[in-house]
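**Q** Mind looking over this structure? Questions follow.
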Amino acid sequence: MPEATIDRTPLLRVRDLKVSFATRQGVLRAVDGLSFDVGQKEIVGIVGESGSGKSVAIYSMLGLVREKNATITGSVLFEDREILGLSDKELQPIRGGSIGMIFQDPMTALTPVYTVGWQLVEQIRQHLHLTKAAARSRAIELLGQVGIPDPKSRVDRFPHEFSGGMRQRVVIAMALSCNPRLLIADEPTTALDVTTQAQILDLMVTLQDTYDSSIVIITHDMGVIAEMANRVVVMYAGRPVEIAPELELVRHPRHPYTWGLLDAVPRLNVAHERLRTIRGNAVSPLNLPPGCAFAPRCDYVMQKCAERPPLRGENDHVDACWLSDAQKVTIRRTPEHST
Amino acid sequence: MFYFIVRRFASAILVLFAISVTVFLIFFATPGVDPAARIAGRSASPQILAQVAKEFGLNRPLPIRYLLMMEHLFIKQDLTSYVNIGDRVVPQITQAAPVTLSLVIGAAVIWLIVGVLGGVVAAANQGKFIDPFIMFIGIAAVSVPAYWLGEVMNLLTQSKFHTSIFSWVPPPGYVSFTTSPSQWFLHLLFPWLTLAALYAGIYARVLRAELVNALNEDYIRTARAKGLSERRILFRHALRCSLISIVSLFGLDFGALIGGAALLTEVVFGLPGVGLLTYTSLQNLDLPVIMGCVMYGAFFVVLANAVVDVLYAYLDPRVRLA
Amino acid sequence: MSDDVVLQATDVVKTFSSRGKKLGTRIVSRAVNGVSLEVRRGETLGIVGESGCGKSTLARCLVQLLPVTSGTVAFEGTTLTGLSRRRLRPFRRQFQLVFQDPYASLNPRRTVGDIVSEPMRINHLGSSLQIAERVRELFTTVGLDAGAINRYPHEFSGGQRQRIGIARSLSLNPTLVIADEPVSALDVSIQAQVLNLMADLQQEFNLTYVFIAHDLGVVRHVSNRVGVMYLGEFVEFGDVGSLYETPLHPYTEALLSVVPELNDTDAPRRERIIITGDVPDPADRPSGCPFHPRCPVATEFCRVEKPMLVTISPGRQVACHYPRNLAAVNATTTPA
Ligand SMILES: Nc1ncnc2c1ncn2[C@@H]1O[C@H](COP(=O)(O)OP(=O)(O)O)[C@@H](O)[C@H]1O
Ligand SMILES: Nc1ncnc2c1ncn2[C@@H]1O[C@H](COP(=O)(O)OP(=O)(O)O)[C@@H](O)[C@H]1O
Ligand code: SF4
Ligand code: SF4
Ligand SMILES: [Mg+2]
Ligand SMILES: [Mg+2]
């Protein structure tokens, strides 16, 4: 989508979101100060390795982190209303109503014992006051819209009678059924083949356009981000380390972790001898270093990195790294870093 | 679904046939044992032995003997006991069956209601006081031996407080429903409670575990993300899926109890059911009756299994394809 | 060249049969439908295809974990299919399978040292001291701390577990390693580490790889030759460079076009060809060309006539009546 059509009045405004779990081994800080905005009709991508806190972050916004040992703080404004800390009752009209969700594993996301039509109708009738018959024809219409062939007969089928890609379409139909303002998708294509992934991503963009909604898409795949997102939040160890418009991020990444993520993607057009890797494994959120969380894996670590770097930069492109702006540009340009 | 049912019942009939053959072989064709002596029971006279041998064709080949036996059991229904001479086996069973059915069905209603209620309340209140409390009562009910619980009930209702608060409790025994529904109910009330206690405990615990698992499933998160109420999520999604395993458990328990496993309760409360019949015939080594009871029990266990499978397929659409 | 062939499969078919919906009927599903391939010493043969196209089934048939329904598999000239378990045993050591799921493929109740040493103990390769020494060596080889041998699988991350799986597969000094989606469950950064490790090991131990994946980027990166599978058959074979540059089969072309790309250069994006629908059920194969229901350029002829796998130019084979990019392929491969 062209940048110009994006209205930057934020639909969703997340500030200093923190989620921690009290575990036997200590406090596990899954999300540790996440802030970002989602504009009207904007597609924001959140990218990071598994365990970086992406899912926990978005689930916590809608009260879907229900563990008794979880502590959630910060602020999440949706349409200028604080939604963090609302009760289940207060959240009900938002969940599935003005915010729709799509999950990673389409094989387990639907209740196995009801037909997909039943499950769609259930949601539609929860939010829109339609008769059974009207809800059913809306369900059939939605199934058709998400590209399920022969929706009139498929509506009475059970989830196990659909392939993975088709189930994900059903989940998307469900998420869209009540014209949500915001669609949150947690790794919607990770469990799918490239061909199906292309179909689903395409569908999401088309529908977003039809429904004028914004999207937050979570993924660990930089390629998916590049396909979809207008703006990208790179997360590491529960913290945002770089936020930038998509093109800006892939062409002029500034954070060493972003460099690593981009370089590790095997390309179709370049036959690399070796892939560049990020050494080591992701840090455990149980004992985050007090300073930059990426320091144990960073090639450019310095004294200063023992302090936690703030998100800095121009309005549009911010990153949390102590390297100077000049260093970020020159290091990235050196031969071993230009692709 | 139709084919599924046909297939399931066809295999049930096959299983019953296999059981009847096995039982027949064990009882009447064990090498080195004189079947006539076994049928006739202890200290039978030579005339009786001869009569038995003739009646069951004991000098004829095995398949014929099997067919004769089945004819006596099912077609002529004139298999007789030689221990209590003249007692026919089939009428004995048809008399005992309603007693057992009354006992087990009544108890099943109670334990299902109590068990499901307990399981749901416990699972819905995870982490609060009520959850471990219900689970504790559940395990207590499971651990108490049925005959002990029955004896205690008898003690309380029949002697200790019989003249005071439990004066309305009739003496042990059975009154058929057709004779007097109210007496039927009163006679069975404490046997029901006794039998139900054990199973209610098990069911509450199993259901709680199933529900806790179900509540952690992805589809519950989807249901919540759809904006459904917690109550709807619990009942329409989590409970509906958990019921599948409760149903299969129930079928097995129910079949076994009808088939004679309610023995202890029947003995303690003096109910002349199939369990009691099996028990006395075993004590007397009354072979024809034992065989009748075993066949009867097998019939219900196999039938219950088949019904469970069909119900299971109804509840869980994924099974229907198999 | 034939003496260079490590593994040769000829017309391998694997069917699974299951009970049908109607009474007494059986459904026969041809998961692998007539596959022939050669794996040459020292090379990496990549196999790509959507899930359900029979990659894992083929891998299991190749290493004799599944009996083939028909066809033959030969290892270094010896036909393996039909050999008894006992006659097969000496060969088993020479080819090893690495599995996709680093969580499911390691026994959670055994220490990782036990897991890695098990093949050696079963084959009585040395004293327990020698074996222990070898396990330490293997751990170091795959980049794990040798002090970790007494820990259990759950104490390791996904990437580390895959290293353990690789160490186990190397313990018997195999000639051939068949890796079934070894990095599909891993994050990109960890995936890159494991791919590099596999490349290093190939050099060091002169290994031959069959590398199965559904990620075309990964396959491009590791393979010398690539086979594209669809519905239990190979629809295209080729040297990696030319296959990725000039795909012949419409399916290959579509697969390549939809791989998400980073727009980090000004090179124009390739046009995306989104094929519709799902992979058909192998129990209900389409007539003619198996790809025709989804093929953007199918004709009536494709519906009735099945295309054979034919050689278009040296090193390039395709099963399609109307191959794509023909001119380009012929231009680049005219004899030098
Ligand atoms: N209920 C929980 N209790 C303890 N730790 C949890 C819980 N849920 C998630 N975590 C931890 O939080 C971190 C972030 O998890 P998650 O948000 O799922 O990561 P991502 O979605 O980025 O892969 C992980 O380290 C995970 O182990
Ligand atoms: N043991 C089995 N029984 C029946 N069908 C099977 C079995 N294993 C695999 N299949 C079927 O064979 C086909 C190919 O599966 P598989 O080899 O696992 O594909 P891939 O590895 O490419 O995803 C699928 O349709 C699958 O359902
Ligand atoms: S702050 Fe320091 S350790 Fe962190 S990414 Fe920047 S240079 Fe590396
Ligand atoms: S043979 Fe026909 S249907 Fe098959 S891939 Fe080629 S063009 Fe498409
Ligand atoms: Mg996640
Ligand atoms: Mg596979």
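The values are calculated or read from the model by the stated rules, or taken from the named source; none is laboratory data. Note that the coordinates shown come from a computational prediction; the quantities given were computed from them, not determined experimentally. Methodologically, a virtual Cβ is constructed for each residue, glycine included, from the backbone with ideal geometry; neighbour enumeration extends over all protein chains shown. These accessible areas exclude ligands, DNA and RNA; they are computed on the full protein's heavy atoms, side chains included. Shrake-Rupley method; radii C 1.70, N 1.55, O 1.52, S 1.80 Å.
**Q** May I ask you to give the percent of accessible area on chain C that is carbon plus sulfur, with a probe radius of 1.4 Å?
**A** For chain C, the apolar C and S fraction of the accessible surface comes to 49 percent.
**Q** How large is the helix-only mean residue ellipticity at 222 nm for chain C, computed as the sum of -39500 (n - 2.57) over DSSP H runs with n ≥ 4, divided by its residue count, in deg cm²/dmol to the nearest 500?
**A** It lands at -9000 deg cm²/dmol.
**Q** With an 8 Å Cα cut-off and a minimum separation of 6 or more residues, compute the relative contact order for chain C in percent.
**A** It comes to 19 percent, rounded to a whole number.
**Q** Cα gyration tensor of the stretch C:173-286, axes a ≥ b ≥ c as square roots of the eigenvalues: rounded (a/c below 1.5), prolate (a/b > b/c) or oblate?
**A** oblate
**Q** Could you list which residues have their amide H under 5 Å from that of C:Thr44, counting only those 5 or more apart in sequence or on another chain, with H placed in the peptide plane?
**A** Residues meeting the amide H criterion: C:Tyr209, C:Asn224, C:Arg225.
**Q** Right, here's the next one. For the stretch C:52-112, state which trypsin sites (Lys or Arg not before Pro) are in a DSSP loop and have at most 14 other beta carbons lying within 10 Å of their beta carbon.
**A** Those that pass, being in a loop and sparsely packed, are C:Arg109, C:Arg110.
**Q** Please compare each pair in B:Lys128/B:Lys160; B:Lys128/B:Lys226; A:Lys41/A:Lys304; A:Lys68/A:Lys304 to a cut-off of 30 Å on the Cα-Cα distance and tell me which ones are over it.
**A** From the list (B:Lys128/B:Lys160; B:Lys128/B:Lys226; A:Lys41/A:Lys304; A:Lys68/A:Lys304), the Cα-Cα distance tops 30 Å for B:Lys128/B:Lys160; A:Lys41/A:Lys304; A:Lys68/A:Lys304.
**Q** Rolling a 1.4 Å sphere over the protein heavy atoms, what is the accessible area per residue of chain C, to the nearest Å²?
**A** Spelled out: the 1.4 Å probe surface of chain C, per residue, equals 44 Å².
**Q** Ballpark to the nearest 100 Å², how much total accessible area do B and A bury together, probe 1.4 Å?
**A** The B and A chains share an interface burying roughly 2400 Å².
**Q** In addition: With a 1.4 Å probe and all protein chains kept in place, how do C:Tyr152, B:Tyr219 rank by accessible area, largest first?
**A** C:Tyr152, B:Tyr219
**Q** Label chain B by shape, choosing from rounded, prolate and oblate, from the square roots a ≥ b ≥ c of the eigenvalues of the Cα gyration tensor; if a/c is under 1.5 it is rounded, and otherwise prolate applies when a/b is larger than b/c, oblate when it is not.
**A** Taking the square roots of the gyration eigenvalues as a ≥ b ≥ c, chain B is oblate.
**Q** What residues have an amide H closer than 5 Å to that of C:Tyr230, excluding those fewer than 5 places away on the same chain, when H is modeled at 1.01 Å from N in the peptide plane?
**A** C:Val235
**Q** Next question, about the same structure. Ratio of alpha-carbon Rg to the 2.2 N^0.38 Å globular estimate for the stretch B:222-314, to two decimals, please.
**A** The value comes to 1.61.
**Q** Put simply, what bits of the stretch B:203-225 lose 30 Å² or more of accessible area when the other protein chains are there, versus the chain on its own (1.4 Å probe)?
**A** Residues losing area: B:Asp218, B:Tyr219, B:Arg221, B:Thr222, B:Arg224, B:Ala225.
**Q** Calculated FRET efficiency, B:Ala50 and B:Ala97, Cβ-Cβ r, R0 30 Å, to nearest 0.05?
**A** Computed FRET efficiency for B:Ala50 and B:Ala97 comes out at 0.35.
**Q** Can you classify the stretch A:1-99 as rounded, prolate or oblate using the Cα gyration tensor, where a ≥ b ≥ c are the square roots of its eigenvalues, rounded means a/c under 1.5, and otherwise it's prolate if a/b beats b/c and oblate if not?
**A** The shape class here is oblate.
**Q** Take A:Glu67 and B:Phe177, extend 7 Å from each Cα along the Cα→Cβ direction, and tell me the distance between the two endpoints in nm.
**A** Roughly 5.2 nm, to one decimal.
**Q** Can you give the longest run of chain A that contains no GluC sites (Glu not before Pro) sitting in a DSSP loop with at most 13 other Cβ atoms inside 10 Å?
**A** It runs A:68-272.
**Q** Give a quick list of trypsin sites (Lys or Arg not before Pro) in the stretch A:226-335 that DSSP marks as loop, anything other than H, G, I, E or B, with at most 15 other Cβ atoms within 10 Å.
**A** Loop-located and lightly packed - A:Arg274, A:Arg279.
**Q** May I ask you to derive the relative contact order of the stretch B:193-322, considering only C-alpha pairs under 8 Å and at least 6 residues apart, and to give it as an integer percent?
**A** 24
**Q** Based only on the alpha carbon positions, what is the Kirkwood hydrodynamic radius of the stretch A:93-136, in angstrom?
**A** Mean inverse Cα-Cα distance, inverted, gives 11.5 Å.
**Q** Sticking with this structure for a sec: Just need the relative contact order of the stretch B:121-278 here, percent rounded to a whole number, with Cα pairs under 8 Å and 6+ apart.
**A** Value for the stretch B:121-278: 27 percent.
**Q** Per the Debye formula with a single identical scatterer at each Cα and no solvent contribution, what log10 I(q)/I(0) holds for the protein assembly as shown at q = 0.05, 0.06, 0.07 Å⁻¹?
**A** -0.43, -0.61, -0.80
**Q** Let me ask another. Along the Cα→Cβ direction, 7 angstrom out, place labels at B:Leu68 and B:Phe235. What is the inter-label distance in nm?
**A** Calculated label separation equals 6.2 nm.
**Q** Moving on to the next point. Evaluate the Kirkwood expression for the hydrodynamic radius of chain A, namely the inverse of the mean inverse distance over all pairs of different C-alpha atoms, and round to one decimal in Å.
**A** Radius from the Kirkwood sum: 21.1 Å.
**Q** When we measure straight from the Cα of A:Lys18, which aspartates and glutamates land under 14 angstrom away, once same-chain ones fewer than 8 places off are left out?
**A** Partners found: A:Asp32.
**Q** Which loop-located GluC sites (Glu not before Pro) does the stretch C:199-306 contain, where loop means any DSSP state but H, G, I, E or B and the Cβ has at most 11 other Cβ atoms within 10 Å?
**A** Here the GluC sites (Glu not before Pro) that fit, given the DSSP loop and packing criteria, are C:Glu271.
**Q** How much of the DSSP beta bridge set in chain A is antiparallel, as a percent to the nearest 5?
**A** Restricted to chain A, the bridges split so that about 65 percent are antiparallel.
**Q** Let me ask another. Determine the percent antiparallel among the DSSP beta bridges restricted to the protein assembly as shown, to the nearest 5.
**A** The antiparallel fraction comes to roughly 65 percent.
**Q** Does any residue of the stretch A:79-95 lose at least 10 Å² of accessible area with all protein chains in place compared with its chain alone, and if so which ones (probe 1.4 Å)?
**A** The answer is A:Asp88, A:Gln92, A:Arg95.
**Q** By the scheme Lys and Arg +1, Asp and Glu -1, what is the net charge of all other residues having a beta-carbon under 13 Å from that of B:Ala223?
**A** Here the count lands on +4.
**Q** Oh, and also: Which cross-chain or sequence-distant (5 or more) residues have an amide H under 5 Å from the amide H of A:Val232, H modelled 1.01 Å from N in plane?
**A** A:Gly45, A:Ala244, A:Glu246
**Q** Also, quick follow-up: How far apart, in nm, are the 7 Å Cα→Cβ label points at B:Glu151 and C:Arg272?
**A** 7.7
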